[in-house]
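Here the structure comes first, spelled out in structure tokens, and everything after it is commentary.
Rule-based calculations on the coordinates, nothing more; no lab input. As the structure is a computational prediction, the values presented were derived from the model and not from experiment. Every residue, glycine as well, gets a Cβ built from its backbone with ideal geometry; the counts of neighbours run over all protein chains shown.
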Amino acid sequence: MPSGLRSGIVALGLLALSAQLLALRELQGGAADPLELADLRCSLLKRSSACVELGLGLAKGGAVSQDLPRARALFHAACERGFMPGCSQEAVLCRDGLGAPRDLGRAVALFAQACREHDAQGCAGLGQLELDGEGVARDEKAGAEHVRQGCGGGSA
């Protein structure tokens, strides 16, 4: 049996077992935690959108303890898999110095990568940095255009 197929079967088996455990917990009166489900989808199935969902929950805190370094790692994993909202979210944490030291150069690179792939938040974030001259030379024309692209794509 090819190793890729074997890995897929194991992952599905683990996911099925995890789903059964969550269902049992729910039957015993405890509600299934959406972030716990996202964690399973992210770690077992490598679903980038679930990694971003979990990362947002960990970045915000509240229902779970805030964990900015873990959120940043989840966003990075999603970005590495080509999921642009992960790149934009990682860029926000880099820009603001959350979960690790502030890194404006990395924030610019991540926002630019996401914007090239038509991610609205990536364009808006890049534009704001260009308008402010943070991590990149101040460029009002490019900044205004990127902010416009971001707003046109739903990021405000």
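Taking other residues whose beta carbon is less than 14 angstrom from the beta carbon of E134, and scoring Lys, Arg as +1 and Asp, Glu as -1, yields -2. Counting neighbouring Cβ atoms within 10 Å and putting the fewest first, the residues S65, S48, S88 line up as S65, S48, S88.
Counting charges near Q113 (Lys, Arg +1; Asp, Glu -1) among other residues having Cβ under 12 Å from its Cβ returns a value of -2.
The residues packed around A124, meaning those with a beta-carbon under 13 Å from its beta-carbon, carry a net charge of -2 if Lys and Arg are +1 and Asp and Glu are -1. Cβ crowding within 10 Å ranks H118, H146, H76 as H118, H76, H146, fewest other Cβ atoms first. Assuming charge only on the beta carbon of Lys and Arg (+1) and of Asp and Glu (-1), the dipole of the stretch 73-156 about its Cα centre is about 80 debye to the nearest 20.
Between E80 and A142, the C-beta separation translates, for a Förster distance of 22 Å, into a calculated FRET efficiency of about 0.25.
Counting neighbouring beta carbons within 10 Å and listing from fewest to most, the residues E140, E53 come out as E140, E53.
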